[in-house]
Amino acid sequence: MKPENDIVVMFEKYRQLSESRTDTDKLAPLQHGGGGGTSDGMEARVKALEDKFEKIDGKLDKLVEATSGLKADIAFVKGKLDAMPSSETLGALRGRVESLPTIPKVAGLLAIAVAVIGIIDKWPVVVSAIKAAFANP
């Protein structure tokens, strides 16, 4: 779109907005040039601006009041984030956890321990069984 078309579109929107205003919304136009030195309707315009500013000022006060605790909350969250472990630390911890024995590993080790204890407990019987096995070919 050409810049000239943008200006035309903006002017058309302004014209439509001006026409849609009610008579109570319309203010007396300012005088242009001519050296008359007066600006009829200026008091009404200033009053309208002051009224709108009061509304905006009230809204800003409410906004400041609503966001007053945000700085402390953000500082708290930042402190918590700074205290959290880094990804490198978590990676090292994950490696250590993965190297811990699992239930099947523990069960296997326990079975081997029980077998060794059983063999030690019955050692004389085991030795005589081995001797008997090699003695009778």
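The values are calculated or read from the model by the stated rules, or taken from the named source; none is laboratory data. Values in this document were obtained by computation on a predicted structure and should not be read as measured data. Please note that ligands, DNA and RNA were not included when accessible areas were found on the heavy atoms of the full protein model with its side chains. Shrake-Rupley method; radii C 1.70, N 1.55, O 1.52, S 1.80 Å.
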Work out, step by step, the length gained on full extension between residue 70 and residue 82: first 0.36 nm times the residue separation, then minus their alpha carbon distance; give nm to one decimal. 2.5 nm
Kirkwood estimate for region 42-137, i.e. one over the average of 1/r between Cα atoms, Å: 22.4 Å
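What does the extension gain come out to for residue 119 and residue 54, with contour length at 0.36 nm per residue minus their alpha carbon separation? Before the final figure, lay out the partial values.
Values: separation 65, 0.36 × 65 = 23.40 nm, distance 9.51 nm.
Residue separation times 0.36 nm, minus the Cα-Cα distance, leaves 13.9 nm.
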Using a 1.4 Å probe and ignoring any ligands, DNA or RNA, find the accessible area of residue 110 and quote it in Å² to the nearest 10. 110 Å²
Region 36-122, accessible surface, carbon-and-sulfur percent (1.4 angstrom probe): 67 percent
